[in-house]
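**Student:** Quick one: the structure is below, and I'll ask about it shortly.
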Amino acid sequence: MDQAKNFFMSRKDIAIRLLYTIFFFIVLEFLKTIQIFLSCVQYIWVLVTLNHLEPLRSLTDRLAVLSYRILRYISLNENKKPFPFTEFPESVDVSESVRFSEKD
């Protein structure tokens with residue numbers, strides 16, 4: 001009897017994880033749209049002012065980290081649920097300056 005109960009409980013856990021995965025697929029698509037929009041805004045800002053907007057760079061970096069965490073969760077490589085079930089991720093690797101040419 002316990003074996004049958006464990007079988008159904010594990011199926012239930014898998015189904016719940018699948019529902020979270022579907023939710024995070026939708027969130028990921030929304031994040032991609034936001035990232036594209038904010039990148040366009042950043043390029044317009046740089047074209048007009050010849051300087052980047054640091055708060056926007058920081059936000060897009062944090063959104064990229066969140067997208068990475070979501071991808072790890074939906075691909076079953078991480079068990080910890082991403083934001084909004086945990087803290088919003090911090091920036092990890094924002095470069096000091098932006099170069100627009102490949103010349104050093």
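Computed from the coordinates by the stated procedures, all read-outs in this text should not be read as laboratory data. It should be emphasised that the depicted structure is a prediction, and the values quoted were computed from it without experimental measurement. Positions of Cβ are generated from backbone atoms using ideal geometry, with glycine treated the same way; all protein chains shown enter the neighbour counts.
**Student:** Taking 0.36 nm per residue of separation and subtracting the Cα-Cα distance, what length does fully extending residue 56 through residue 83 add?
**Tutor:** 7.8 nm
**Student:** Using θ = phi - 60° and the Karplus relation 6.51 cos²θ - 1.76 cosθ + 1.60, list the HN-Hα couplings for the stretch 19-34 in order, rounded to whole Hz, with x at every Gly or Pro.
**Tutor:** 5, 4, 4, 4, 4, 6, 4, 5, 4, 4, 5, 5, 4, 4, 4, 5
**Student:** Next up: Could you compute the FRET efficiency for residue 16 and residue 37, with r as their C-beta to C-beta distance and R0 at 30 Å, rounded to 0.05? Please list the in-between numbers first.
**Tutor:** Numbers: r = 32 Å, r/R0 = 1.07.
According to the calculation, E is roughly 0.40.
**Student:** Taking the Cα-to-Cβ direction at residue 91 and at residue 64 and moving 7 Å from each Cα, how far apart do the two end points lie in nm?
**Tutor:** The answer from the label model is 1.1 nm.
**Student:** Normalized C-alpha radius of gyration of the stretch 2-74, against 2.2 N^0.38 Å?
**Tutor:** Numbers: Rg = 19.3 Å, N = 73, 2.2 N^0.38 = 11.2 Å.
Compared with the compact-globule rule of thumb, the stretch 2-74 sits at 1.72.
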